[in-house]
Amino acid sequence: MEPREFLNILHVAERLKDTTRHCTSSQGRPESVAEHSWRLSLAALLLRREFPELDIDRVVDMCLVHDLGECFTGDIPAFVKTEADRETEDSLLSRWVASLPEEVSSELAALYAEMDAQETAEAKLYKALDKLEAVIQHNESPLATWTENEYELNKSYANDAVAFSAWLTALRREILADTLEKIETEGRN
């Protein structure tokens, strides 16, 4: 890869620093997609010993690139994202990936195909962590920033994604306990 090609990729990815998500930080500041991707990657890295049979480096790779399509469409919360939105994002991302230098393009295309298929344990772990990180962030954000549907969504979101792992299921229970405590404590104010 030529240095200019490398820089061009980073310039596109930089957009995620300014692409805000529906969620806010604990201080009420809109969270960026880049911040979400960073913490998701950290979560995967921290689970290396919990999932020794998995290629955690591959999971981290998935976490790092999973929202690159939002460079082109912005973030659309999962609970309002339509199939048409997904198709648009996937199409724009695919065109961009295909335009990259061959060694990068083929590697990313294979990674996205694995993520989409959700057949490998690595892809399943990435997807579960992606959903869980969103719930964790909601628990950290002020309750006043939640939409009405998030009170119930935060209680059940990701349950299906964690079912393949006893450890992730236990983590989901801990996150639910945090959600219920937050609603009980902050809801009285």
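The values are calculated or read from the model by the stated rules, or taken from the named source; none is laboratory data. Quick caveat: nothing in here was measured; it's all calculated off a predicted structure. Reconstructed Cβ throughout: ideal geometry from the backbone, glycine too, with neighbour counts over all protein chains shown. All accessible areas refer to the heavy atoms of the entire protein, side chains included, with ligands and DNA or RNA removed. Shrake-Rupley method; radii C 1.70, N 1.55, O 1.52, S 1.80 Å.
Points worth noting:
- Of all residues in the range 159-170, those that are farther than 14 Å from Lys127 by Cα and modelled with pLDDT of 95 or more have Cβ atoms under 9 Å from Cβ atoms of residues that are surrounded by 13 or more Cβ atoms within 10 Å (Cβ to Cβ) and charged (D, E, K, R), 6 or more apart or on another chain, in Trp167/Glu50.
- Pairs linking a residue in the range 13-25 that is within 18 Å of Ala144 (Cα to Cα) to a residue that is of a type in the set (Val, Ile, Thr) and crowded, with 16+ Cβ neighbours inside 10 Å, with Cβ atoms under 8 Å and 6 or more positions apart or on different chains, are Thr20/Val33; Arg21/Val33.
- Residues in the range 21-55 that are surrounded by fewer than 17 Cβ atoms within 10 Å (Cβ to Cβ) and in contact with a Lys or Arg (Cβ under 9 Å, 6 or more places away or on another chain): Pro30 only.
- Residues that are within 14 Å of Gln137 (Cβ to Cβ) and open to solvent by less than 20 Å² (accessible area, probe 1.4 Å), drawn from the range 147-166: Glu150, Asn154, Ala158
- Filtering the range 56-78 to residues that are part of a loop (DSSP other than H, G, I, E, B), surrounded by fewer than 17 Cβ atoms within 10 Å (Cβ to Cβ) and in contact with a Ser or Thr (Cβ under 9 Å, 6 or more places away or on another chain) leaves Gly74, Ile76, Pro77.
- Any hit, the range 91-107, residues being outside any loop (DSSP other than H, G, I, E, B), modelled with pLDDT of 95 or more, within 21 Å of Leu40 (Cβ to Cβ) and open to solvent by 70 Å² or more (accessible area, probe 1.4 Å): yes
- Members of the range 109-140 that are polar (S, T, N, Q) and open to solvent by 50 Å² or more (accessible area, probe 1.4 Å): Gln118
- Unmet criterion (only one of (1) assigned to a helix (DSSP H, G or I); (2) under 19 Å from Ser26 (Cβ atoms); (3) of a type in the set (Ser, Thr, Tyr); (4) open to solvent by 40 Å² or more (accessible area, probe 1.4 Å)) for Thr169: (2)
- Cross-chain or 6+ apart pairs with Cβ under 9 Å, the range 31-44 first and within 10 Å of Leu129 (Cβ to Cβ), then of a type in the set (S, T, N, Q): Arg39/Gln137
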